[in-house]
Each structure stands twice: as C-alpha cells, then as structure tokens.
Amino acid sequence: PLLWVAAVTLWMMDASFNVSMEPFRAFVADQLPVQQRAAGYAMQTFFIGVGAVVASILPWLLAQLGFDNTAARGMVPETVRYSFYAGAAVLLLSMLWTV
C-alpha cells in the first residue's frame, strides 16, 4: 500500500509541475519568432535549472546564516519555510514581469 501512495503522489506531483509549466512554455512560443524559439526554450530551460539549484542550496545557506534548521515534531524548520517563501516571491515577481 505504501508503494501505491508513493506512486500516486509522484504522479500528482508530476501532473502539477506540467500544469504549472505549460503556460510558460506556450508563452515562449507566442512571443518569439520561429527562428528564435530554440534559443528561447534553451534559455528557459537554463533558468529553470539555475532556479532548481538555488532552491536546493537555499535551506543550507540560510542555516549557515544562522536561521534555525531544526523544528519541533510536526513543524517545518525556518530554513525550509523561508526558502519556500523566497521561491514563491521569485515566481510571483517573474510572472508579473513577463505577463
């Protein structure tokens, strides 16, 4: 049963990523001429990768800066919460900038 829960959770996560990313992919196709689309998709992929690396480093970096990296049972550490808030702010600002 636990394997099925993990598989369904992974499926839901993959579907949510695809639903959230598809408008951005379509935006590149809508805004760029045909001859620039490959470069546009390459830049988009590059920045997605950079964002993933920064997002994975941010909790560690915040811990190095003195934020609490531990939490009581059932709670989320400050480093993870603030990293999530930073990611949400960057996503919101980038959407406001491009749209």
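Per-structure values
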item	result
Count of segment 22-42 residues which are under 20 Å from the mean Cα position of the chain (by Cα) and farther than 14 Å from Thr98 by Cα	3
Those residues of segment 61-94 which are assigned to a helix (DSSP H, G or I) and surrounded by fewer than 12 Cβ atoms within 10 Å (Cβ to Cβ), in sequence order	Gln64, Tyr85, Ala88, Ala89, Leu92, Leu93
Yes/no for Ala52 being surrounded by 10 or more Cβ atoms within 10 Å (Cβ to Cβ) and closer than 25 Å to Ala29 by Cα	yes
Pair list, Cβ < 8 Å and 6+ apart or interchain, from segment 18-37 residues that are within 15 Å of Ile48 (Cα to Cα) and among the charged types (D, E, K, R) to residues that are at pLDDT 85 or above and part of a helix (DSSP H, G or I)	Arg25/Tyr41; Arg25/Gln44
Segment 7-37, residues that are loosely packed, with under 10 Cβ neighbours inside 10 Å and over 16 Å from Leu91 (Cα atoms)	Asp30, Pro33, Val34, Gln35
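The values are calculated or read from the model by the stated rules, or taken from the named source; none is laboratory data. Fair warning: this is a prediction, and the values are worked out from it, not measured in the lab. Counting neighbours? That spans all protein chains shown, and the Cβs are built from the backbone with ideal geometry, glycine included.
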